[in-house]
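Structure first, commentary second.
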Amino acid sequence: MHTLLLDQPQFWFLSAVIVGADIIIVLLLLLGVRRALLALGHTKVDNVRIVSTLGFVLFGWLALALFLAGQGVFRSALNQPVPYITLAIGIPILVGALFIRGSKPVREIIASVPQSQLVAFQFYRVIGATFLVLYAVGQLPGIFALPAGFGDVLVGLAALLIGTRYAGNDQLVTLWNWVGISDLIVALATGFLSAPSRFQMFSLDAPDFLIGSFPLVMIPIFAVPLSIVLHLVSLTKMSLTVRSATKQMASA
């Protein structure tokens, strides 16, 4: 198995695609939050403050991920007491979950965003086709690339279909969310177990250095945690909608 080198054209192309996609995702997310704040009737000053703060957090997270990835921190976990990539994935998910559960303003914003937009937004998951392309040219092991690639593409296409046509079907939206989360868990597990570390179980003859190297590592350390948080947001939205409907029925 080969790794991508700095002077190879495909490295630069892959870097532009992945980093460019991350930036676009953040910008669209901020735009969605701004629209939600306007729907809530917040003042222009409040809108600027909240969106600016969130933008600082998201772009700061992205910049930190880019820096660490560029330094090769995640390329091999053989000499790390705890694989650093697990912290890079787990900490943002935990922080996001805590804010979703414990912050009233965050839950108000979630309540104001249409479920159709929350679901369709994850169409970006089709970028997982990158794994399939890299597998086809011998850069990634099939044990990781095939389930991760096909899973992401299917979840991304389903996001667009469900978000635009069936967002009112709670059972279908719930199923899509859990399938999407399961897809990410499988991808993380197979990627982690095929990468060089004390826990490696797959691809022992050709460890998967590429998944821990820039630019591909930006997917597990940024796009994956963000996707899981967005799934939690969608599930929380359903819970808030049901709770609101129950209160209205009780007061009627």
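The values are calculated or read from the model by the stated rules, or taken from the named source; none is laboratory data. As the structure is a computational prediction, the values presented were derived from the model and not from experiment. Reconstructed Cβ throughout: ideal geometry from the backbone, glycine too, with neighbour counts over all protein chains shown.
Looking at A187, A158 in this structure, which one is over 16 Å from I89 (Cβ atoms), in a helix (DSSP H, G or I) and of a type in the set (G, A, S)? Explain how you work it out, then say what you get.
Values: A187 fails: over 16 Å from I89 (Cβ atoms).
Matching residue, one of A187, A158: A158.
One residue stands out in segment 31-80 among those that are of a type outside the set (S, T, Y) and touching a Pro at 6+ places or on another chain (Cβ under 6 Å): the one that is surrounded by the most Cβ atoms within 10 Å (Cβ to Cβ), namely A77.
Okay, residues lined up against (1) out of contact with any helix residue (DSSP H, G or I) (no Cβ under 7 Å at 6 or more places or on another chain); (2) closer than 26 Å to I110 by Cβ; (3) aliphatic (A, V, I, L, M); (4) modelled with pLDDT of 95 or more:
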residue	(1), (2), (3), (4)
A39	no, yes, yes, no
T53	yes, yes, no, no
F56	yes, yes, no, yes
W61	no, yes, no, yes
L64	yes, yes, yes, yes
N79	yes, no, no, no
A88	no, yes, yes, yes
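Beta carbons closer than 7 Å, at least 6 apart along the sequence or on distinct chains, pair a first residue in segment 113-136 that is closer than 20 Å to L14 by Cβ and among the aliphatic types (A, V, I, L, M) with a second that is outside any helix (DSSP H, G or I) and modelled with pLDDT under 90 for L134/L140.
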